[in-house]
Amino acid sequence: MTTELILGIDPGTAITGYGVVAKESGGAVSLVECGVVRTSSGEVLAVRIREIYEAVTTLITRHTPSVVVVEDVFLGKNVQSALKLGHARGAILLAAALGDIPIAEYSPREIKKAVVGNGNATKDQVGFMVQQQLRLKSPPSPADAADGVAAALCYCVMGAFR
């Protein structure tokens, strides 16, 4: 039986959530690790982007995932937030590309639909369904970590269909 490690990432310049799941060839999925990368709030954007890049590189080195799943940019009302999120995504994509790791990208709506069954699900609903699907005692915390795990789970569901 083979195991595929999947690194899911919910990018953000202040907090980047991540989750690593193991998918067995038989279909069983389990949580390996999850958490958040908190950047230095008093630092300039360039330093924060470097911190994200370095943290993702460390995760890739530690787990050697077969794919990195990144939540795509959600275009809301705040253009400035979307631009900052784009910078964080760039650091993550660069870390994966330099590690020769394939990248899968899904919109927040696609991730929620795959994990919860509803593209408009709340953060609490995402956390609850991650908890249920992985048979955890509680949802991953904080919510950004649950979102990173949800991105990895989305790949487990959708990966073969893309």
- Message: Which trypsin sites (Lys or Arg not before Pro) in segment 56-124 sit in a loop by DSSP (not H, G, I, E or B) and have at most 10 other Cβ atoms within 10 Å of their own Cβ?
- Response: Lys77
- Task: Express as a percent, rounded to the nearest 5, the fraction of DSSP beta bridges in the chain (both residues included) that run antiparallel.
- Result: 70 percent
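Counting other Cβ atoms within 10 Å, which GluC sites (Glu not before Pro) in segment 1-62 have at most 16 and lie in a DSSP loop? Intermediate values should be presented prior to the final figure.
Numbers: sites: Glu4, Glu24, Glu33, Glu43, Glu51, Glu54; in loops: Glu43.
Those satisfying the criteria are Glu43.
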- Entry for percent of Cα pairs over 29 Å apart (calculated from the structure that is shown) out of [x] 12; [y] 24; [z] 44: [x]
- Qualifying chymotrypsin sites (Phe, Trp or Tyr not before Pro) in segment 18-105, DSSP loop, other Cβ atoms within 10 Å at most 15: Phe74
- Task: Relative to the longest principal axis of the C-alpha atoms of the chain, give the angle of the C-alpha long axis of helix 45-63, reported between 0 and 90° and rounded to the nearest 10°.
- Result: 30 degrees
- Glu24 versus Met158, label points 7 Å from Cα toward the beta carbon: distance in nm? 2.6 nm
- Query: What lysines sit close enough to Lys137 to cross-link, taking a C-alpha to C-alpha distance under 24 Å and skipping anything fewer than 8 places away on the same chain?
  - Reply: Lys23, Lys112, Lys113, Lys123
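Read the figures in this text as sums done on the coordinates, not as results from a lab. As the structure is a prediction and not an experimental result, all values here were calculated from the model. Cβ atoms come from the backbone with ideal geometry, glycine included; neighbour counts cover every protein chain shown.
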